[in-house]
Structures are given as C-alpha cells and as structure tokens.
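The values are calculated or read from the model by the stated rules, or taken from the named source; none is laboratory data. None of these values were measured; they are calculated from a predicted model. Every residue, glycine as well, gets a Cβ built from its backbone with ideal geometry; the counts of neighbours run over all protein chains shown. Heavy atoms of the whole protein, side chains included, go into the accessibility calculation; ligands, DNA and RNA do not. Shrake-Rupley method; radii C 1.70, N 1.55, O 1.52, S 1.80 Å.
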Amino acid sequence: MSDASLVAKVGGSVGAFARADWDALDPSGNPFVSHAFLTALEDSGSVGAGTGWQAAPIVIEDAQGTLRAAMPAYLKSHSQGEYVFDHSWGDAYQRAGGRYYPKLQIAAPFTPATGPRLLMTDEALAGPLLAAAEQLCAQNGFSSAHATFIEAGQHKLFEQAGWMLRHDVQFHWHNRDYAGFDDFLADLSSRKRKDLRKERAAAQGAVTIRRLRGAEIRPEHWDAFWIFYQDTGARKWGTPYLTREAFDLFQQRMGDALLLVLAFEDDEPVAGALNFIGRDALYGRYWGCTKDIRFLHFELCYYQAIDAAIELGLTRVEAGAQGGHKLARGYEPVTTVSAHWIAEPGFRAAVEDFLAREREGVAQDKMFLGERTPFRKG
C-alpha cells in the first residue's frame, strides 16, 4: 500500500465493526451492504458455520484504527446463492486437478441487486482494497475472487485493477417522473396497456392487498410470510437461504426500509412479496404463496412495486434475477456486471476468452429484448 499509515485487515464478521463506522463508508445508503442487513445475516445464522458463507470482510484502517474502506467478503465452499453462475468454471478447474473452493466472494449474500462492493469515501482506496483481496487469495491458496452485481460507478475500479468483467441481463422498471400507475400505462402500446389492466383487475378481484411498512408488519405477518418463503425457497434452491430469525432482525434493524405486500383471502394471508427500500430504488426480493391465484404473482411482485416506487419518488425497481416475463410488464433489460480475479494464469486466460465471447452474446440478447419492450414506438 502506498500510504504506510494504512493497514489492510480481514475481519471475522461485519458485526465486529461499529455500525456508524461501517455505514459511513457508503454514502449511497444501499440497504444490502449496510451494517444492519449484513449483521442480520450473521446473527440469524443465515451465513456462518454450516452455510458455506464464512464472513471475511476486508477493511483498511489508518494509524489511529479508523475505518477508511471495506468490502463485504465471504469465503465460499460452493457457488450457491450468488446468481452469477460459475459452476462450470469450478468443474473445469477441478477436472484439471485444481481446487476451486474455497473462493472469495465479494457480495451481498443471496441478493442479486446492484450496489457498491467497495465501501469507501475516497476512490484512491479501491486499488489497495482489491490488492488486499488478491493477497488474501494468494496467501491462502484460494483459486479466485468474485464481486457480483457491482453498481455502474464502480465497474471501472475493478477493470483498472485488472479484474475481468462479466455481463448479464436483468429487468428493471424505470420511473419516468410518473404521477401514478396510469401515467406509466399511458407509455405502453394500447394492447399491452389493456393486458396489464386485465391482469391487475383479475388479481385484485380475487384478494385484498395490503402494503405494510416498518412497525405495521406484525409477528403474525412474518409467520405467514415465512411459510411463503419456505415454499419458494424449497422449490428454487432445495433449502431456503434465510432463517426465520433473519426476518425479525431485518425489521428490528432496518425499520422503514422494509415493504411487505400481502394478499388476503377472507382475512387469511395467501401470498406475499418482500421489498427493500433504498434511497433511489425499490428492490423486490422474496415472494411466495400458499394458493395459486392467476396473475397474483405479477400483481404483488411487479405492479405493486411500481405503485410503491411512484409513491415514494424512487427512480427504479429492481425485481431480482432472471424472469423474461417481466419484459411484457414494463421492466426493461439492463446490463449487470460482475468482476473476477483468477489466480492461475492459464485458467485466467481461458476464462478471459470465454467472457469475451459471452459478452457478445449478452449484448445481442439485450438488444433483442430491448426491441420487444411494451412501450409505444415512435
């Protein structure tokens, strides 16, 4: 490190650092790299022993012990819960006689939402942070380091440090200064506008929908949502990533940053969607149901999120990974970026070649999808 007064360290948990010191490093206020969110995962057992996610935050301190920069980092013994898939890389590495795991993952666990991965108030510390990550891997024989869903302003920092960039596509909704949902509908083609109105009417006619925030969310609501979450998690991942306690800790520590949308049938909750509120975006995270009601998934996860974002004056909705069905509902294709450092030169060259070809395909897919949005042409 060029400044001898700065020291890089690896911590055993985010909870080992003071909340105010950690959060001061992220002026954006992104909820998923906040002390509250990351320590809720730790304290609930959602990450830690037995999960394959061992917290190893990398920080830079000055001579007085003041936190100057940090990155949420984890030692991973598998590739689950990342949403940027490198299973084929691991298989190839191990077939060649290498040991792919453990690897270093710089991320908000289980969260395919964009945000800062280098937390700092001075960009000059990006290089030392990334160098510390590389050194940690080299000293411990880790195969690689990976940073996922990096916010746009930090792409260049990883690229300048020599990390390889990987592209993918998500679907985000953009608020074009809409005063209400009808203003958004007015931007769509007449056929798509009619389709969305029909879907909303069908879903809203079948259930009563309530949007609950902060203290409005009661323990019985979390109990119901836990059932929904377990059902979806069991079908998607085999085992849900979060523990029941995580949801209680989210509410205790994040308060009004939570928006829970529940659907009731005869006062009985039958479906729900959980969102996190950032300073400029609404992040749709979890959904589940105990009864299959037509169009209810679209209503709770996409249309209610649009309504809420407009009311809150937010610029976009990030509705999670995958889901081409979002396109027809006003969510547009957006490029997401991850960054990768590979220790072994030969394997790095192979990955670099793969990524160059993959980026071309992703760009073509994004262009194809962009031409098929439901918005009026011309």
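One table, with the values for the structure above:
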{"quantity": "Condition broken by ASN275, with the remaining ones in (1) touching a residue at least 40 places away in the same chain (Cβ under 8 Å); (2) within 26 Å of ASP183 (Cβ to Cβ); (3) part of a strand (DSSP E or B); (4) of a type outside the set (Ser, Thr, Tyr) satisfied", "calculated": "(1)"}
{"quantity": "Selection from the range 48-83 of residues that are in a loop (DSSP other than H, G, I, E, B), within 17 Å of GLY115 (Cβ to Cβ) and open to solvent by less than 20 Å² (accessible area, probe 1.4 Å)", "calculated": "PRO57, PRO72, GLY81, GLU82"}
{"quantity": "Pairs where the first residue, in the range 18-36, is at negative phi and at pLDDT below 95 and the second is assigned to a loop (DSSP other than H, G, I, E, B) and open to solvent by less than 50 Å² (accessible area, probe 1.4 Å), C-beta under 8 Å, 6+ apart", "calculated": "SER28/PRO116; SER28/GLY278"}
{"quantity": "GLY323 being open to solvent by less than 10 Å² (accessible area, probe 1.4 Å) and either at pLDDT below 95 or in contact with a helix residue (DSSP H, G or I) (Cβ under 7 Å, 6 or more places away or on another chain) (or both)", "calculated": "no"}
{"quantity": "Test: residue in the range 340-362 that is part of a strand (DSSP E or B), open to solvent by 20 Å² or more (accessible area, probe 1.4 Å) and of a type in the set (Val, Ile, Thr)", "calculated": "no"}
{"quantity": "Some residue of the range 197-217 being among the hydroxyl-bearing types (Ser, Thr, Tyr), without any contact (Cβ under 8 Å) to a residue 60 or more places away in the chain and open to solvent by 70 Å² or more (accessible area, probe 1.4 Å)", "calculated": "yes"}
{"quantity": "Any chance TRP222 is touching a residue at least 12 places away in the same chain (Cβ under 8 Å) and assigned to a strand (DSSP E or B)", "calculated": "no"}
{"quantity": "Residue within the range 137-146 that is surrounded by fewer than 21 Cβ atoms within 10 Å (Cβ to Cβ) and small (Gly, Ala, Ser) present", "calculated": "yes"}
{"quantity": "Matching option when the condition is modelled with pLDDT under 95 and assigned to a helix (DSSP H, G or I), among ASP231, ASP182", "calculated": "ASP231"}
{"quantity": "Checking ALA113 against (1) at pLDDT 95 or above; (2) open to solvent by 10 Å² or more (accessible area, probe 1.4 Å); (3) assigned to a loop (DSSP other than H, G, I, E, B); (4) under 26 Å from GLN252 (Cβ atoms), the condition it does not meet", "calculated": "(2)"}
{"quantity": "Matching residues, the range 16-39, being more than 20 Å from the chain's Cα centre (by Cα) and outside any loop (DSSP other than H, G, I, E, B)", "calculated": "ALA16, ARG19, ALA20, ASP21"}
{"quantity": "Residue selected from the range 25-45 under the condition aliphatic (A, V, I, L, M) and touching a helix residue (DSSP H, G or I) at 6+ places or on another chain (Cβ under 6 Å), by the criterion surrounded by the fewest Cβ atoms within 10 Å (Cβ to Cβ)", "calculated": "ALA36"}
{"quantity": "Meets criteria (open to solvent by less than 70 Å² (accessible area, probe 1.4 Å) and in a helix (DSSP H, G or I)) for TRP287", "calculated": "no"}
{"quantity": "Index of the failed condition, PHE295 passing every other in (1) surrounded by 23 or more Cβ atoms within 10 Å (Cβ to Cβ); (2) of a type in the set (Phe, Trp, Tyr); (3) more than 20 Å from PHE110 (Cα to Cα)", "calculated": "(1)"}
